[in-house]
Amino acid sequence: SCSYFKHFTPGESSEIFEVTTQKEYSISAAAIAIFSVGFAIIGTVCILLSFGKKRDYLLKPASMFYTFSG
């Protein structure tokens, strides 16, 4: 029992500094980050292919992949 934080807690048995992690949010955040990196990589591949042989029609899908990754 820490006496420094007694003015935060009205009683002796209250637990104000209990830390709980929410596993579902961590898993969904990791999945969103992986999809974001994947879309950015696909967009980069589209841009590199469009510069190679002057395929300008690949720039629109590349912009969409970058938008999805954001």
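Roughly how compact is the range 26-68, stated as its Cα Rg over 2.2 N^0.38 Å to two decimals?
Computed over Cα atoms of the range 26-68, the ratio equals 1.34.
Hey, what's the range 26-68 come to in accessible area per residue, 1.4 Å probe, Å²?
That works out to 77 Å² per residue.
Quick one: if you stick a label point 7 Å off each Cα along the C-beta vector at Thr67 and Ala29, how many nm between them?
Distance between label points: 2.8 nm.
The values are calculated or read from the model by the stated rules, or taken from the named source; none is laboratory data. Small disclaimer: the values here were computed from a predicted structure and weren't measured. Don't worry about glycine lacking a Cβ; one is built from the backbone with ideal geometry, like all the others, and counts go over all protein chains shown. Surface areas here come from the heavy atoms of the whole protein model, side chains and all, with no ligands, DNA or RNA. Shrake-Rupley method; radii C 1.70, N 1.55, O 1.52, S 1.80 Å.
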